[in-house]
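The structure appears below as structure tokens.
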Amino acid sequence: TLSSSSAASDVYKRQEQIGRLIRLLALVLAILGGLLLTGLAVMTVASIIGRALIPVGLRPIPGDFEMVEMGCAVAIFSFLPWCQFTRGHVTVDVFVGLGPRWLHRFTQLTGDIVITLIAAILLWRFWLGMGEMISNGQETYLLGLPIWYGYVGGIVGAILFLVVSLYTVWRDINDLASGQERAV
């Protein structure tokens, strides 16, 4: 049992090392998504002011709504990995909280498996959508930007979302097997 305890300890050390890297990547992507949203908000305000002050020679930013549309999609996918890593998704634990700890860990694992399946489907469909946009050459109306540009930024977040989701399932399995719950 000493060797099995040592093996379990090695698994947790490896999990924690990988977890630190995944956490850093998810945090950086979430911060970049926040900066993107902030930039989009500033651009929107500037464009609205430009519309309001057309009589004095200002004008709106051309294609602002196209950039907001693409940017918001990228930002949303930038936040999903961090949300999953920190267990930020909405849960309803009313009845599970009354049960034993193992039941809570089991429902956590079940939820993370479902989210992992959703992340895989999102990535798959996003990838197919990007391929379709590349092949048909569709562009935005005003700026003439290829629509697939927005997909590239979203794919980065979707890939990391799947990686984080797989990691959380691994973390849950280890927690369930050990009877302990590790810090996020």
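With respect to the conditions (1) touching a helix residue (DSSP H, G or I) at 6+ places or on another chain (Cβ under 7 Å); (2) among the hydroxyl-bearing types (Ser, Thr, Tyr); (3) over 21 Å from GLY19 (Cβ atoms), SER135 lacks only one, and its number is (1).
Whether a residue is modelled with pLDDT under 95 and under 26 Å from the mean Cα position of the chain (by Cα) was assessed, and ARG87 passes this test. Of the listed requirements (1) assigned to a helix (DSSP H, G or I); (2) at pLDDT 90 or above, PRO62 misses just one: (1).
Within the stretch 17-45, the set of residues being over 18 Å from the mean Cα position of the chain (by Cα) and exposed (fewer than 14 other Cβ atoms within 10 Å of the Cβ) comprises GLN17, GLY39, ALA41, VAL42, VAL45. When residues in the stretch 98-147 are screened for being in a loop (DSSP other than H, G, I, E, B) and aliphatic (A, V, I, L, M), 4 of them pass.
Being in contact (Cβ under 8 Å) with a residue 24 or more places away in the chain and hydroxyl-bearing (Ser, Thr, Tyr) is the filter; apply it to the stretch 44-85 and report the residue that is nearest to GLY150 (Cα to Cα). Ranking the candidates gives SER78 first.
Only one of the listed residues (ILE76, ILE54) is loosely packed, with under 15 Cβ neighbours inside 10 Å, modelled with pLDDT of 90 or more and either closer than 22 Å to GLY34 by Cβ or among the basic types (Lys, Arg) (or both). That residue is ILE76. Counting residues in the stretch 92-113 that are at pLDDT 95 or above and surrounded by fewer than 17 Cβ atoms within 10 Å (Cβ to Cβ) gives one or more. The criterion of being of a type in the set (Ser, Thr, Tyr) and surrounded by fewer than 16 Cβ atoms within 10 Å (Cβ to Cβ) holds for SER178. Residues of the stretch 154-184 that are at pLDDT 90 or above and touching a Phe, Trp or Tyr at 6+ places or on another chain (Cβ under 8 Å): GLY154, ILE155, VAL156, GLY157, ALA158, PHE161, VAL164, TYR167, THR168.
The values are calculated or read from the model by the stated rules, or taken from the named source; none is laboratory data. Source: prediction; values computed, not measured. Virtual Cβ from ideal backbone geometry, glycine too; neighbours counted across all protein chains shown.
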